1. Evaluate the relative contact order of the stretch A:93-149 (contact order divided by residue number), counting alpha-carbon pairs under 8 angstrom at least 6 apart; express in whole percent.
2. Among the listed pairs B:Lys14/B:Lys216; B:Lys28/B:Lys98; A:Lys150/A:Lys201; A:Lys46/A:Lys183, give every one whose C-alpha distance is greater than 24 Å.
3. Over the Cα atoms of the stretch A:1-131, how large are the radius of gyration and the largest Cα-Cα distance (Dmax), in Å?
4. Taking the dipole about the Cα centre of the stretch A:114-199, with the C-beta of Lys and Arg at +1 and of Asp and Glu at -1, give me whichever of A:Tyr163, A:Asn181, A:Tyr144 is farthest to the positive side.
5. How much FRET efficiency would the formula 1/(1 + (r/R0)^6) give for B:Asp104 and B:Asp197, where r is the Cβ-Cβ distance and R0 is 45 Å, rounded to 0.05?
6. Measure out, as a whole number of angstrom, how far apart the alpha-carbon centroids of the stretch A:229-301 and the stretch B:1-63 sit.
7. Using a 10 Å cut-off around each Cβ of peptide B:95-104, what is the average number of partner chain Cβ atoms that fall inside?
8. Name the residues of the stretch A:133-161 whose amide N is less than 17 Å from a point 7 angstrom out from the Cα of A:Glu189 along the C-beta direction?
Amino acid sequence: MNNIDNELLKNISDDNYVKPDVLNIRKNGEVLERKINEDINIINKKDLSGIDVFVKERTSLAVLQIPVIITMGGLKDTVYNDFNIGDNSNVIIFAGCGIHNKDSHKSVHNGIHRFNIGKGCKVKYIEKHYCEGIGDINPTTEIYLDDNCKMEMETVQIKGINYANRKTKAVIGNNSSLIINEKIMTEKEEYAKTDFLVNLKGENSSVHVVSRSVAIDNSNQEFISNVEGNNKCYGHVECDSIIKDKGNVKAIPMINAKHVEANLIHEASIGKIAGEQLIKLMTLGLNEKEAETEIINGFLK
Amino acid sequence: MLELRNISLIKDNKVILNDINIIFSNDKFVVITGPNGSGKSSLVKIIMGIEKPSSGKVILDGKDITNMSIDERANIGISFAFQNPVKFKGITVYDLLKLSLNKDVCKRECCDTLSEVGLCIKDYVDREVNGTLSGGELKRIEIATVMARNPKIAIFDEPEAGIDLWSFQRLTSVFNALRKQSKGITIVISHQEKILDIADEVVLLQNGIIEKIGNKEEIINSIFVDKTCCLGDNNE
Ligand SMILES: Nc1ncnc2c1ncn2[C@@H]1O[C@H](COP(=O)(O)OP(=O)(O)OP(=O)(O)O)[C@@H](O)[C@H]1O
Ligand SMILES: [Mg+2]
């Protein structure tokens, strides 16, 4: 591992970085480093590029780190990572993709992450993306939550990614809940699309999607969500965007109640920074630019 | 010394302030009172630079600051607590207070500073400054952001609104202390007798005009004499 690798890893890691129990670093399409333990095993897929992760039942609080780094131009890397999490386990998974591409050829990363989560699990999944140079990302996340689970997913993409097409699909079992927090900031000519498809299948299943995004310069974003209530369930989708300059955000929400006890809410708001927020911070001595930065940083925190 | 000279404000062809002339001397605690819609908030917003006067000048210590921006005024020591505190998304009470103090203080220090001014916020220092805070809590935080700046000119727009009786008593003693120790000017918009009591001067504003400047008794008496003050505009 060289300095660039380390720098990229740091950029896609959590600020309160915890040392992982299990690790799999993928660099330019190859496994660079792997660490497993007696509760968690990682094996390479046979027919496809990627890994299968197996977490034993009743694994208590394990931290996994599955980052991808790309330091080559013109690389198209598609990877399938499957997480099979045994009943009653508690895991935190850090994933993400760091691209450092000083080449003029575009690098592309397609990460397909599938979670098969057993009964009574608690899972936190954190995904960060970072790019220097020209890079596209197409992350797909599929989540299958069995009964009595709690899952939290956090995704962060702050500037630098030319093109991102994100798909998230979830099927939620009885008494299980999924919370998704998404933060996106695009600038220049960047484009980001995010698409949620959630099936509230189980009785008392719930989902809460909070998407906050900022589009500045000429950047473009699309937010699509489709939450289907197929049982007694609760779904809440919030899409909140700040636009600046010629930034453009399009939100297409859909909620579909197919059960009389499905309770689904969608809230979407798009607009520029509220004038009174700017004024308040200016009365504290910040100039307009500083106030703007403070408001955006807070919003995406 | 702060002087408003021939200040007028016209919005949508409506005269909101009409040729206001007033001098705020140093060390003075001035209370502005008057009916709803009389232009009190507009007047103090002109001092902070939030509203631009249609004509007239704002002069601070002999210097014309009429064209200064809000942040420039903040940096020369003018501070303003909003009548309706602004809400944010993602910005916490702690973040806001750090910005107000303009230095990187730890939470403990932050709370200490505020306890000193009678505002204990340790229960909600990590909360976001949004609608989940109660009206009174938001109001206290708003006041705290001004106190934290230790301003030369401190402006409070109806600080008592939404504050419970117990906190209100603390608030008046805070203002009292502020009045005693401050070398600057404190301007408070208020309708509370307790606050009028501690004022060096009370300004009565009506229909965008300064009706009277005097002590509490004089102002209260003139309110009772002049009925229009109590009737307001919407009583036709
Ligand atoms: N943008 C605007 N366009 C037209 N009229 C306005 C505008 N902003 C304020 N006004 C009017 O100016 C008048 C003074 O408003 P201001 O907020 O200064 O009153 P106030 O004395 O602070 O009232 P209150 O006691 O209710 O806080 C009001 O009649 C208000 O409706
Ligand atoms: Mg007012």
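FYI, it's all coordinate maths here, none of it is from the lab. As the structure is a computational prediction, the values presented were derived from the model and not from experiment. Positions of Cβ are generated from backbone atoms using ideal geometry, with glycine treated the same way; all protein chains shown enter the neighbour counts.
1. In percent, rounded to a whole number, it is 51.
2. Where the Cα-Cα span goes over 24 Å, the pairs concerned are B:Lys14/B:Lys216; B:Lys28/B:Lys98; A:Lys46/A:Lys183.
3. Every Cα atom of the stretch A:1-131 included, Rg and Dmax give 14.7, 48 Å.
4. Among A:Tyr163, A:Asn181, A:Tyr144, the one farthest towards the positive end of the dipole of the stretch A:114-199 is A:Tyr144.
5. Computed FRET efficiency for B:Asp104 and B:Asp197: 0.70.
6. Value for the Cα centre distance between the two parts: 36 Å.
7. 3
8. Within reach of a label on A:Glu189: A:133-137, A:160-161.
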